[in-house]
Structure formats: structure tokens, C-alpha cells
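J.: Okay, handing you the structure first.
The values are calculated or read from the model by the stated rules, or taken from the named source; none is laboratory data. The structure displayed is predicted, hence computed values, not measured ones. For neighbour counting, all protein chains shown are included, and Cβ atoms are generated from backbone atoms with ideal geometry for every residue, glycine included. We work out accessible area using only protein heavy atoms, side chains counted, and drop any ligands, DNA or RNA first. Shrake-Rupley method; radii C 1.70, N 1.55, O 1.52, S 1.80 Å.
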Amino acid sequence: MEAFKDSNLPVAERVADLLPRMSLEDKAGLMFHEIAPMLPGGNLLALGSPWGVATETLIREKRITHFNVHGVPTTGSEMASWHNKLQAIAAEVGIGVPVTISTDPRHSFSENQGALFSAGAFSQWPESMGFSAFALGNLEGLYAVEQFGDIARQEYRAVGIHAALHPQIDLATEPRWCRAGMTFGEDAKLSGAVAAAYIRGFQGKQFGKTSVSTMTKHFPGGGPQLDGEDPHFEYGKEQVYPGNNFDYHVEPFKDAIAAGTRQMMPYYGMPVGTKYEEVGFGFNKDVLTDLLKGKLAFDGIICTDWGLITDANILGQDMPARAWGVEHLTREERIEKALAAGVDQFGGESCPELIVELVRSGRVSEDRIDFSAARLLAEKFMLGLFDEGRFVDEAAADAIVGQAEFRAAGEALQRASIVRLKAAESGAASLPLASGLKVYVEGITPENAAKIGQVVASPADADLAIIRKAAHFDPRPGGFEALFHAGSLEYPAEEVARIVEICKTVPTIFDIYLDRAAIFPEIAEAAAAVTANFGANPDAFIDVLKNPTLAKGRLPIELPSSTAAVLASKSDVPYDTVAPLFEYGFGL
């Protein structure tokens with residue numbers, strides 16, 4: 001590893017010293033942000049693995065120094081060890097540029113390797129909509145969001161994670177969209193305020209060596225998907241604006257930029273029927289250069305979403321490159337168009353040799369590569385990775401990650417984000433629950449249910465029924481596609497009839513996990529009480545049943561009353577379904 005200039009010097013001077021010492025291959029490697037699996041025990045993906053190219057090969061041969069970590073650690077030290085192994089390899093390569101590690105969200109309940117990870121060793125919090133559910137109408141809500149960001153920042157840096165591939169601030173104006181649960185809801189003003197608090201928590205008052213760099217996504221807003229489908233897949237590539245409401249979806253990004261977000265990720269989708277070119281946003285100069293860099297004055301890093309250039313096999317499923325609107329272009333031409341659009345880095349790709357060839361053939365200037373490389377180097381310097389931040393203390397990671405204080409804060413927000421939609425005025429389902437009840441449960445283990453009362457096997461033998469259920473989705477085929485919860489918002493008729501019959505037999509509390517909207521009017525009518533959660537463990541939910549004042553949430557999305565109402569609504573317009581079952585902002 002070569003010597004680097006004094007850490008007390010201005011970052012611009014350090015970049016100016018380093019950049020000329022880098023080969024074109026080194027600079028091209030900076031511009032790729034590939035996935036790196038963390039195997040059990042903190043081991044690296046090795047040579048000959050069926051799961052992809054060895055991580056060490058990507059560093060040594062491809063000169064890649066940005067990695068999106070996949071895998072859920074059982075301890076903090078496990079991931080810290082993995083990180084340190086990567087840094088040790090990078091220190092031996094070329095001039096020793098340190099590795100930057102990023103991650104999708106990993107503090108929640110969901111597990112979708114295309115979008116986010118369950119908490120594992122980290123403290124556990126509600127999904128993103130839970131943050132806005134608490135912040136909606138509660139002044140302390142934004143403080144709680146910033147507190148989460150600060151706690152996540154400490155846990156991330158302890159294990160060697162330097163960049164957050166979040167917050168996701170798309171607006172969930174299309175109720176069927178499968179990624180709504182990772183947003184802050186459908187209101188632009190609320191989403192912008194929550195996003196700003198989130199970014200302040202992760203980055204701190206001044207961006208520096210203890211910060212986590214936030215990559216806000218998905219510019220210019222990925223919510224208004226045609227028929228609610230997702231542009232990870234070709235059938236969902238079109239973003240539509242029947243309400244002529246494109247600008248509304250940009251609003252939260254203005255707040256994120258004002259809060260200092262360091263990076264921006266455009267989405268896969270291609271705008272249809274607007275003034276913008278009908279190509280995916282990662283290739284869209286009108287959107288990235290003219291709107292984002294020009295009108296909105298964003299001066300940070302632009303990194304594409306994952307897999308725009310190269311076809312791939314993901315979890316056993318063949319996936320075309322998400323080069324929507326430019327499918328006919330070669331891989332080199334796709335990179336050339338994205339660079340011309342204003343992209344600095346390519347997510348989920350490992351083909352820097354294509355940039356090298358574009359420069360050597362004269363199609364792209366080396367000055368253009370230097371422009372992006374300098375930004376990416378500056379970020380590493382500011383995060384302290386060229387200095388004492390290169391390696392992390394593996395023992396200290398266990399003391400920081402998932403510590404009791406952090407877990408308690410996460411559980412408090414789980415409780416606070418629960419929304420009470422319907423309350424029983426009297427009887428066994430009225431809150432707080434009486435003691436000594438005979439309880440029939442679904443979606444709760446007998447061990448947890450025993451904290452409520454005596455568990456019985458049949459509704460007919462119970463004083464109270466409690467049913468916890470996730471919002472409905474239609475299962476999709478394939479290893480990867482199956483992870484995305486899409487399709488109908490209504491439970492099958494036979495399942496509705498079964499639950500309604502339980503409600504008729506015994507007073508019933510129905511709790512629904514909302515990772516997107518849901519349609520359940522018959523159940524809501526029949527149940528004695530209804531609550532909604534955005535990720536709440538059984539103890540947090542039971543605490544609310546015993547002390548309902550702990551639940552302070554309000555709906556950050558509306559819950560429609562029928563599929564017909566959804567079909568008649570405009571996918572780019574918020575809270576516009578006719579006669580919703582529960583309106584946006586509702587909560588007892």
C-alpha cells in the first residue's frame with residue numbers, strides 16, 4: 001500500500017494527489033458497485049463458488065472497491081471480520097484504495113434479497129412505513145426517526161458498513177406496488193420530512209469519519225408503476241402519470257438534498273407519456289443531468305440501480321438487464337449512454353473493462369472518467385477509509401451491535417407505530433385486555449399467546465380470538481420474482497369467509513401487517529377490533545393489547561375499500577381511491 005497524503009489536508013488536495021497515480025483500470029474499477037456475499041463465519045465468497053465470481057478476484061483483477069454486502073450476521077464481529085478481510089486484500093492491490101461497504105436496509109422484519117434484509121444481530125425496528133406512521137401527528141416521531149438513523153449509523157460503522165442504500169422515498173401512490181412498505185407512504189410532505197430526519201441520523205450534523213453515507217432512492221420517484229408491477233421485471237418497466245403528477249413525486253427528493261444526502265439512485269422504470277425520454281431513469285439525461293443536477297442542484301454521486309448493463313441469473317432465475325428502453329444497445333453503448341446521462345457508478349455490475357475500452361477507443365474521454373473517480377475517492381477520504389477507518393475493531397462490534405439500549409429503542413418504535421383502526425367498546429376484545437381470558441390465536445405462537453391468557457384450540461372454546469395476518473399478495477414464480485409481494489390486495493373469498501366466521505363465533509382482534517395496502521372490508525366489519533402494524537414482534541403487539549396508549553400510529557397510506565376503487569384511481573395521485581375503508585392519516 002502506498003503512502004497517502006496527511007489526513008489533515010483538504011480532501012480536494014488529497015484527491016488531486018491520488019488520482020494521477022491511478023491507472024485507467026483503477027479508476028474504472030471505482031465506478032462499479034458489486035454485490036459481495038458474506039458467508040457464515042464471516043467468510044468471503046471463494047474461488048470456484050457456484051454463487052458468483054470470488055470477491056477477492058473482483059478486487060485484484062477488476063479493481064472494484066465498492067461492495068453491497070449480502071447476508072445476515074449472527075454477531076457483529078462476524079461481519080466485522082468479513083469486512084477486515086476485504087480491506088486487507090484491497091491494501092495489497094495497486095495503490096491500496098480501501099473498500100467501501102454498502103447495504104440495503106437491515107434493521108427490519110422483511111427478508112427480500114432484492115431489496116432488504118431482516119435484522120439478525122442488529123437492533124430491530126419497524127419497516128419504513130412504521131416510521132412515518134408514528135411521525136404522522138406525533139411531534140416526537142421525527143426525533144425517533146433521527147434516533148434510529150443515529151443508532152443504525154453506530155451499528156453499521158462498527159461492522160464496517162459505510163454507505164446506506166437507503167432511504168427509499170418513493171411515494172406509494174399506487175396501492176398495488178410491491179415496494180410500498182419500504183417507503184414512507186404516499187404523502188410527499190410527510191415523506192420529505194421523515195427522509196430529512198433519517199438522513200440527519202445516518203450522516204450526523206457534519207458528514208465525516210463517523211458518518212454513514214446515504215444513497216437516497218429511487219429518483220425521480222418509483223411509485224406510479226403501471227398496474228402496480230415493479231420494473232425489476234420487464235412487465236413492470238413503465239412508470240405512468242395519468243394524473244399529470246410527475247412533479248409531486250420529486251418533492252421528497254428536494255428535502256433529501258436539502259438535508260445533505262450524499263448519493264442518489266435512479267430507478268429502473270422508464271417514464272411513459274411525459275416530456276422526458278422514454279428510457280430507464282439510469283440512462284435518462286433529461287432526468288439526471290437537466291432535472292437532478294441542474295434544476296435541483298444535486299452535486300453528489302449518482303449510482304444506478306443494480307443490473308442495468310448485463311443479463312444475470314439471480315437466485316436461480318434468469319434476469320435480463322434492466323435496460324428498459326435501450327434493450328437494443330450493446331453493453332458498451334448502455335454504459336456510454338448512462339455516462340452521458342450523468343451516472344458516476346454502476347450498481348450490481350463488474351465490467352470495468354468496458355469503460356477502459358470506451359476510453360481507449362476514443363468514445364469516452366478520460367476526463368469524464370476522472371470526474372466520477374474524483375467524486376468517489378473524495379467520499380472514501382471523507383469517510384476516513386484512507387486513515388484509521390480502514391479496519392474496524394471486531395471485538396468492539398459485538399458490544400455495539402444489537403446492544404440492549406438499541407433493541408429497546410427499536411421495540412418502543414415498533415409499539416408506537418401500531419395503528420388502532422377499530423376499537424371494541426366493550427367485551428373481551430376491548431383494551432386493555434382483561435386477565436384470565438381463554439384465547440384462540442392465529443399468527444402468534446402458543447408461548448407468546450400464554451402471556452395473554454389460557455390458549456385454547458378452537459374459537460368455540462375461547463373468550464377472545466386474536467388473528468395476526470400479513471396483507472395479501474399473489475405468489476409469483478421463480479427464486480427472485482417470488483420475493484416480491486404483488487398482485488391482488490384482496491384475500492381469497494374462502495379465507496375471508498373463514499375469518500368472518502371466527503369473528504361471528506367469538507369477539508376477535510384482527511391485526512394486519514401492511515407491507516403494502518390491503519382490502520379487507522368484510523373482516524374489518526366483522527372483527528371487534530382492528531389494528532395495523534408495519535413490523536412489530538409478538539411482545540410489542542401484546543404490550544399494546546395490555547396498554548393501548550402505547551400505539552400512536554396513523555396510516556401513512558389509505559386502505560381502499562375495493563379493487564374497483566383501485567382500478568379507477570390514478571397511480572401517480574395520492575389517496576384518491578373512492579370511499580376508502582380507512583383514509584390516509586386515520587388512527588384512533
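J.: Hey, can you find the accessible area per residue of the range 23-143 for me, probe 1.4 Å, expressed in square angstrom?
T.: Values: 3830 Å² over 121 residues.
Heavy-atom accessible area per residue stands at 32 Å².
J.: Could you rank the peptides 367-379, 513-525 by their average count of other C-beta atoms within 10 Å per residue, with the highest value first?
T.: Details: 367-379: 18.8, 513-525: 21.3.
My ranking of the peptides, most packed first, is 513-525, 367-379.
J.: Still on this structure, please answer the following. Any idea what angle helix 404-417 forms with the longest principal axis of the chain, computed on alpha-carbon atoms, 0 to 90 degrees, nearest 10?
T.: 60
J.: How large is the accessible surface per residue of the range 334-399, computed with a 1.4 Å probe and reported in Å² as a whole number?
T.: Ligands and nucleic acids excluded, the result is 35 Å² per residue.
J.: In addition: With each label point set 7 Å from Cα along the Cα-Cβ vector, what nm distance links Gln206 and Glu13?
T.: 1.7
J.: In terms of the Cα gyration tensor, with a ≥ b ≥ c the square roots of its eigenvalues, is the range 137-246 rounded because a/c is under 1.5, prolate because a/b exceeds b/c, or oblate?
T.: The shape class here is prolate.
J.: Can you tell me the Rg and Dmax of the range 309-364, counting just the alpha carbons, in angstroms?
T.: 11.9, 38
J.: According to the square roots a ≥ b ≥ c of the eigenvalues of the Cα gyration tensor, what is the shape class of the range 378-424, taking rounded for a/c under 1.5, prolate for a/b larger than b/c otherwise, and oblate for the remainder? Walk me through the intermediate numbers first.
T.: Numbers: a/c = 7.60, a/b = 2.37, b/c = 3.20.
Since a/c reaches 1.5 but b/c is at least a/b, the shape of the range 378-424 is classed as oblate.
J.: Right, something else. Sequence neighbours fewer than 8 away in the same chain don't count; with that in mind, list the lysines whose C-alpha is under 19 Å from Lys293.
T.: Lys217, Lys254, Lys275, Lys285, Lys337
J.: Of the listed peptides 155-168, 557-570, 21-34, what is their order by residue-averaged count of other C-beta atoms within 10 Å, with the highest listed first?
T.: Sorting 155-168, 557-570, 21-34 by mean packing, highest first, produces 155-168, 21-34, 557-570.
J.: Given points 7 Å out from each Cα along the Cα-Cβ axis, report the Thr289 to Glu353 separation in nanometres with one decimal.
T.: Placing both labels 7 Å along Cα→Cβ, they lie 2.9 nm apart.
J.: For the chain, how big is Rg over Rh, using alpha carbon atoms and the Kirkwood form of Rh?
T.: Working: Rg = 24.3 Å, Rh = 24.7 Å.
Looking at the chain, the ratio lands at 0.99.
J.: For a quick protection proxy, order the peptides 295-301, 99-105 by their average other-Cβ count within 10 Å, most packed first.
T.: Put in order of decreasing packing, that is 99-105, 295-301.
J.: Want the number for Leu39 to Ala396: 0.36 nm per residue separation, take away the alpha-carbon distance, what's left?
T.: 126.4 nm is the gain from fully extending Leu39 to Ala396.
J.: A further question follows. Using a Förster distance of 41 Å, how high is the FRET efficiency between Lys451 and Ala258, based on the Cβ-Cβ distance and rounded to 0.05?
T.: Values: r = 45 Å, r/R0 = 1.10.
It comes to 0.35.
J.: Full-extension gain between Lys422 and Ser488, please, as 0.36 nm times their residue separation minus the C-alpha to C-alpha distance.
T.: Length difference between fully extended and current span is 21.4 nm.
J.: Right, something else. Give the accessible surface of the range 434-568 per residue, rounded to a whole number of Å², with probe radius 1.4 Å and ligands, DNA and RNA excluded.
T.: With the other protein chains kept in place, the range 434-568 gives 38 Å² per residue.
J.: Using a cut-off of under 13 Å, list every residue of the range 503-538 whose amide N is near the label point 7 Å from the Cα of Ala434 along the Cα-to-beta-carbon line.
T.: 507
J.: Apply 1/(1 + (r/R0)^6) to the Cβ-Cβ distance of Leu47 and Leu315, taking R0 = 22 Å, and write down the FRET efficiency to the nearest 0.05.
T.: Calculated transfer efficiency: 0.55.
J.: On a 0 to 90 degree scale, rounded to 10, what angle separates helix 76-91 from the longest Cα axis of the chain?
T.: Result, in degrees: 20.
J.: Next question. Rounded, prolate or oblate: which fits the range 388-540, taking a ≥ b ≥ c as square roots of the Cα gyration tensor eigenvalues, rounded meaning a/c under 1.5, else prolate when a/b beats b/c?
T.: Oblate is the answer for the range 388-540, as a/c is 1.5 or above yet b/c matches or exceeds a/b.
J.: Report the calculated FRET efficiency for Glu278 and Glu583 (r = Cβ-Cβ distance, R0 = 35 Å), to the nearest 0.05.
T.: That gives a FRET efficiency of 0.50.
J.: Please report, as a whole percent, how much of the solvent-accessible surface of the range 409-559 comes from carbon and sulfur atoms (probe radius 1.4 Å).
T.: 52
J.: Can you give the relative contact order of the range 355-500 as a percent, counting alpha carbon pairs under 8 Å and 6+ residues apart?
T.: In percent, rounded to a whole number, it is 12.
J.: Can you tell me the 0 to 90 degree angle between the C-alpha axis of helix 493-505 and the longest principal axis of the chain, rounded to 10?
T.: Roughly 40 degrees between the two axes.
J.: Rg and Dmax in Å for the range 436-500, alpha carbons only: what are they?
T.: My reading of the Cα-based Rg and Dmax gives 15.6, 46 Å.
J.: Just subtract the alpha-carbon distance of Arg60 and Tyr235 from 0.36 nm times their residue separation and send over the number in nm, one decimal. Working shown, then result.
T.: On the way: separation 175, 0.36 × 175 = 63.00 nm, distance 3.75 nm.
Extending this stretch completely gives an extra 59.2 nm.
J.: Using Cα pairs closer than 8 Å and at least 6 residues apart in sequence, work out the relative contact order for the chain, in percent.
T.: Reported relative contact order: 17 percent.
J.: For a quick check: with amide H placed at 1.01 Å from N, whose amide H comes under 5 Å from Thr100's, ignoring anything fewer than 5 positions away on the same chain?
T.: Amide H neighbours of Thr100, under 5 Å, 5+ apart: His66, Phe67.
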